[in-house]
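Q: Here you go, one structure.
The values are calculated or read from the model by the stated rules, or taken from the named source; none is laboratory data. Treat the numbers as computed from the prediction; the structure is a model and nothing was measured. With ideal geometry, Cβ positions are generated from the backbone for all residues, glycine too; neighbour counts draw on all protein chains shown. SASA here: full protein model, heavy atoms, side chains in, ligands and nucleic acids out. Shrake-Rupley method; radii C 1.70, N 1.55, O 1.52, S 1.80 Å.
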Amino acid sequence: MSINKTPTHSPFPAFEIEQESTPNRYLPIPTPESLKKTVLFGIPLRSFLTGEEVSDATLQQFIDQAISEIEHILDLYITPVTFQERHDYSRHQFFWSFGYFKVNHGPILDVSKFQLTFNNGQSIGSVPLIDIPLEFVHTQPQEQTIQLVPAQGMTISGLIMSIYSGLGFHAFNNQALSHWPGAILVEYRAGFKEEHVPALLVGLIENLAAWKMLSVMGPILFPHNSVSIGIDGTSQSVGTLGPAFLQNRLADLKALIDQQMDAAKGYYQKRFLIDYL
């Protein structure tokens, strides 16, 4: 019986099969409570004017915004996302490059479908011309590439015969067409498994969420440096952290965000756009 998906890879560390329990390379996705205990520790989350506290729902919105921004910038998904894509068929790539092509998102967790369908119908529920066994699907998760490789105990000629046999496919090949747009249908998952989000990305989410929150609400939390009250020759003054502290904290967070973002771009190959022709 054919498998229903390829083996699931670990995005970090790439291709790991075993690791020690320490250091802890993964952390839970940030919550409002964890945010208060880390990057917002010691900061009074209360309006100086009205006395209202910043609610957990508000902090959660900034966390969600930070996750969305990171996913948009890096094209890395904090939780697994299933994608279904169509790619162009190339006779040369399939026969001489083992069906090599690059998917749009990564790192690849696993592949659940690889089909050839030479029509422009609806991909969901349609009958493919060829449904390729997933035992033949080889992935390079970080590079976001997929190839077709013989399964154990099978020769290359056996792979070609098992995949490319059939009247319909031979009829297509006899048309001498070397390319066909959107003929490859692939379904795969990308992102990070539950409880396996790297600590680097968790820290980036926390710092970016805190930076967003303080940028928007900082002037309300730290409106001025001090308040003085005088009545009949008696005076009282109260000092606060003030705007200077806020600006320094925002600058520190921005430096951390840039450093963590650069590290993530480097490891997950998001610094440059690399493709094949």
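Q: Please check which bits of the range 90-118 a label hung off S178 would reach, taking the label as a point 7 Å along Cα-to-C-beta and the cut-off as backbone N under 13 Å.
A: Only 90-96 fall inside the zone, counting backbone N under 13 Å.
Q: Among 67-73, 113-119, what's the highest-first ranking by average C-beta atoms within 10 angstrom per residue? Please list the in-between numbers first.
A: On the way: 67-73: 14.9, 113-119: 18.7.
Those peptides, ordered most packed to least, come out 113-119, 67-73.
Q: Using the basic label-point model (7 angstrom from Cα toward the beta carbon), what is the A57 to D131 distance in nanometres?
A: The answer from the label model is 4.7 nm.
Q: Enter the accessible area of S97 (Å², nearest 10), with the probe set to 1.4 Å and all protein chains included.
A: Accessible area, nearest 10 Å²: 40 Å².
Q: Still on this structure, please answer the following. Please compute the net charge surrounding G42, taking Lys and Arg as +1 and Asp and Glu as -1 over other residues with Cβ under 11 Å from its Cβ. Can you show the working numbers first?
A: Details: positive: K36, K37, R249; negative: none.
Residues near G42 contribute +3 overall.
Q: Measure off 7 Å from each Cα along the Cα-to-Cβ vector at E143 and K37, then give the distance between these two points in nanometres to one decimal.
A: 4.2
Q: When Lys and Arg each count +1 and Asp and Glu each count -1, what net charge do the other residues less than 12 Å away from P107, Cβ to Cβ, add up to?
A: On the way: positive: R189, K193, K270; negative: D75, D110, E143.
Spelling it out: positives minus negatives among the neighbours equals 0.
Q: Continuing with this model, one more query. Would you mind counting up the charge near F222? Only other residues with Cβ under 14 Å from its Cβ, with Lys and Arg at +1 and Asp and Glu at -1.
A: Details: positive: R46, R249; negative: none.
Local net charge: +2.
Q: I would also like to ask the following. What is the calculated FRET efficiency for Q247 to R271, with r their C-beta to C-beta distance and R₀ = 35 Å, to the nearest 0.05? Could you put the intermediate results ahead of the total?
A: Numbers: r = 30 Å, r/R0 = 0.84.
Computed FRET efficiency for Q247 and R271 comes out at 0.75.
Q: Further question: With bins 5 Å wide starting at 0, give me the P(r) of the range 1-60 over every alpha carbon pair, in whole percents.
A: Reading the bins upward from 0: 4, 12, 15, 13, 10, 10, 11, 9, 6, 5, 3, 2, 1, 0.
Q: Please work out, to two decimal places, the log10 of the ratio I(q)/I(0) at q = 0.15, 0.18, 0.24 Å⁻¹ from a Debye calculation in which every Cα of the range 33-121 carries one identical scatterer.
A: Summing over Cα pairs of the range 33-121 leads to -0.78, -0.96, -1.25.
Q: What accessible area per residue comes out for the range 1-126, rounded to a whole number of Å², with a 1.4 Å probe? Provide the component values of the computation, followed by the final result.
A: Numbers: 7350 Å² over 126 residues.
That works out to 58 Å² for each residue.
Q: Could I ask something else about it? Report the gain in length on full extension from Y26 to H72: 0.36 nm times residue separation, minus Cα-Cα distance, nm rounded to one decimal. Spell out each step's value before the answer.
A: On the way: separation 46, 0.36 × 46 = 16.56 nm, distance 2.14 nm.
This chain segment gains 14.4 nm when fully extended.
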